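The values are calculated or read from the model by the stated rules, or taken from the named source; none is laboratory data. Here the structure is a predicted model, which is why all the values come from computation and not from measurement. Counting neighbours? That spans all protein chains shown, and the Cβs are built from the backbone with ideal geometry, glycine included. What goes into the accessible areas is simple: the full protein's heavy atoms, side chains included, and nothing from ligands, DNA or RNA. Shrake-Rupley method; radii C 1.70, N 1.55, O 1.52, S 1.80 Å.
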Amino acid sequence: MPIPDDVTGDEIDKDVRQELQSLPKGLAEEVSRNLVMVARLIDEDPEGAYAYSRIALRLASRVAAVREAAGFAAYANQKFSEALAEFRAARRMTGSVELWPVMADCERGLGRPEKALEMAGAPEVQKLDKASQVEMRLVAAGARRDMDQLDAAIVTLQSPELASNSVQPWSARLRYAYADALLAAGREDEAREWFAKAVESDKDGSTDASDRLAEMDGVEFVDAFAEDEDDEDGERAQVTVSEEAGTRVPADDDDDDADDDADDVELADVATDDVDDDIDGGDLQDDEDDDLDDEDGDDSTGDAPVRPQS
């Protein structure tokens with residue numbers, strides 16, 4: 001796949017660059033450029049990101065950062081079985097637990113919320129940093145909702161991080177998830193309060209909390225572009241009907257012509273009125289014997305899970 005000339009590969013994280021030093025220089029550069037494209041496209045064009053990740057994986061499948069990138073690209077395309085296999089491989093290579101929450105979320109995506117909950121209670125969670133622990137809490141709450149345990153999901157989200165007034169990177173998503181669970185449980189007043197709190201902490205628009213809040217308040221948004229298109233359609237319809245009536249209505253009517261031909265203008269007015277009337281009416285199984293290069297299928301079931309922070 002083509003890669004823009006402005007992508008040099010130097011854009012990747014220094015830790016990833018260090019991992020790639022085990023490769024020949026030319027190969028390392030090619031892999032790094034593909035990884036840059038994965039990061040660049042994964043939000044706006046997940047299918048494109050997936051394609052680049054497969055190229056990087058083919059070139060350097062023994063590099064943990066490549067397996068991790070391939071996992072996130074598959075995850076973004078809801079290929080949860082494949083993503084889980086890549087995350088497992090990366091974890092075996094590094095021994096890190098940082099992928100634990102997203103691995104549990106893959107279990108949810110595969111229709112195994114019970115496995116996700118089992119992972120949420122595993123010792124590995126205690127080794128996670130604060131942000132990843134919050135992520136794990138979000139996954140666990142999602143698993144509870146998958147099992148129609150709304151009250152349990154609400155309790156799962158209740159935590160010091162939720163109660164804190166300070167704004168952290170995870171605050172918006174945590175408050176949003178709590179508000180959404182409250183709304184699903186029929187607790188609308190509380191839900192509105194927490195959607196408002198989510199809006200306050202969502203500085204980069206990572207959630208649609210403002211839209212959800214407006215919806216609860218009965219606010220309707222009007223698409224100005226759609227209105228302009230409707231106006232143009234109405235003008236075209238006016239000309240068409242007028243032509244059928246035997247008179248073409250010009251876009252800019254000359255006053256003198258209108259005075260000279262009063263009968264035609266009167267006919268056009270009648271046709272226009274007719275047009276106006278028409279318009280008005282109308283989860284993880286940690287098998288250490290798995291081969292690093294094994295790839296699973298991409299079966300996915302259930303609701304799309306909460307996406308982890310990168």
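State the extension gain, in nm to one decimal, for the chain segment bounded by Glu193 and Lys130, taking 0.36 nm per residue of separation less the distance between their alpha-carbons.
Working: separation 63, 0.36 × 63 = 22.68 nm, distance 2.48 nm.
Difference between extended and current length: 20.2 nm.
Show me, for region 105-117, the HN-Hα J-couplings you get by feeding each phi into the Karplus relation (A = 6.51, B = -1.76, C = 1.60, θ = phi - 60°), rounded to Hz, glycine and proline as x.
After applying 6.51 cos²θ - 1.76 cosθ + 1.60, I find 5, 4, 4, 4, x, 8, x, 10, x, 4, 5, 4, 5 Hz.
Karplus couplings for region 16-23 from phi (6.51 cos²θ - 1.76 cosθ + 1.60, θ = phi - 60°), rounded to Hz, Gly and Pro as x?
5, 4, 5, 4, 6, 5, 6, 9
When the accessible area of region 1-123 is computed with all protein chains present and a 1.4 Å probe, what percentage of it is carbon and sulfur?
Carbon with sulfur: 48 percent of the solvent-accessible area.
Is any residue of region 18-58 close enough, with backbone N under 18 Å, to a label point placed 7 angstrom from the Cα of Arg92 along the Cα-Cβ axis, and if so, which?
The answer is 57-58, whose backbone nitrogens lie closer than 18 Å to the label point.
Would you please put 186-194, 21-29 in order of how densely packed they are, using the mean number of other Cβ atoms within 10 angstrom per residue and starting with the highest?
On the way: 186-194: 15.3, 21-29: 12.2.
Averaged packing, sorted descending, gives the order 186-194, 21-29.
What is the ratio of the Cα radius of gyration of region 89-204 to 2.2 N^0.38 Å, with N the residue count, to two decimals? Display every interim value, and only then the final one.
Numbers: Rg = 14.5 Å, N = 116, 2.2 N^0.38 = 13.4 Å.
Cα-based Rg divided by the globular estimate yields 1.08.
Quick one: ranking Glu68, Glu107 by accessible area, 1.4 Å probe, largest first, what do you get?
Working: Glu68 55, Glu107 0 Å².
Descending accessible area places them as Glu68, Glu107.
Calculate the FRET efficiency for Glu200 and Met1 from the Cβ-Cβ distance with a Förster distance of 45 Å, rounded to the nearest 0.05.
Numbers: r = 41 Å, r/R0 = 0.92.
Between Glu200 and Met1 the formula returns 0.60.
For region 1-159, what is one quarter of the convex hull surface built on the Cα atoms, given in nm²?
Result: a mean projected hull area of 9.8 nm².
Normalised by the residues of region 127-195, what does the relative contact order come to in percent, with Cα pairs under 8 Å and at least six apart?
27 percent
Using a 1.4 angstrom probe, figure out how much accessible area region 1-111 has per residue, in square angstrom, rounded to the nearest whole. The partial results should precede the final answer.
On the way: 4890 Å² over 111 residues.
Normalised by residue count, the accessible surface of region 1-111 is 44 Å².
Can you pull the three principal axis extents for the Cα set of region 106-174, in Å, largest first?
Principal axes ranked by extent give 34, 26, 17 Å for the Cα atoms.
Considering Cα pairs under 8 angstrom that are at least six residues apart, work out the relative contact order of region 95-148 and quote it in whole percent.
After rounding, I find 43 percent.
In whole Hz, what ³J(HN,Hα) sequence does region 43-48 give by Karplus (6.51, -1.76, 1.60; θ = phi - 60°), x for Gly and Pro?
Per residue, the Karplus-derived 3J(HN,Hα) values read 7, 8, 9, x, 5, x Hz.
How much length is gained on full extension from Ser164 to Leu59, taking 0.36 nm per residue of separation minus their Cα-Cα distance?
33.2 nm
Which pairs break 25 Å Cα to Cα here: Lys14/Lys130; Lys14/Lys79; Lys130/Lys197?
Where the Cα-Cα span goes over 25 Å, the pairs concerned are Lys14/Lys79.
Dividing the alpha-carbon Rg of region 1-61 by 2.2 N^0.38 Å yields what?
Numbers: Rg = 10.8 Å, N = 61, 2.2 N^0.38 = 10.5 Å.
In units of the globular-protein estimate, region 1-61 measures up at 1.03.
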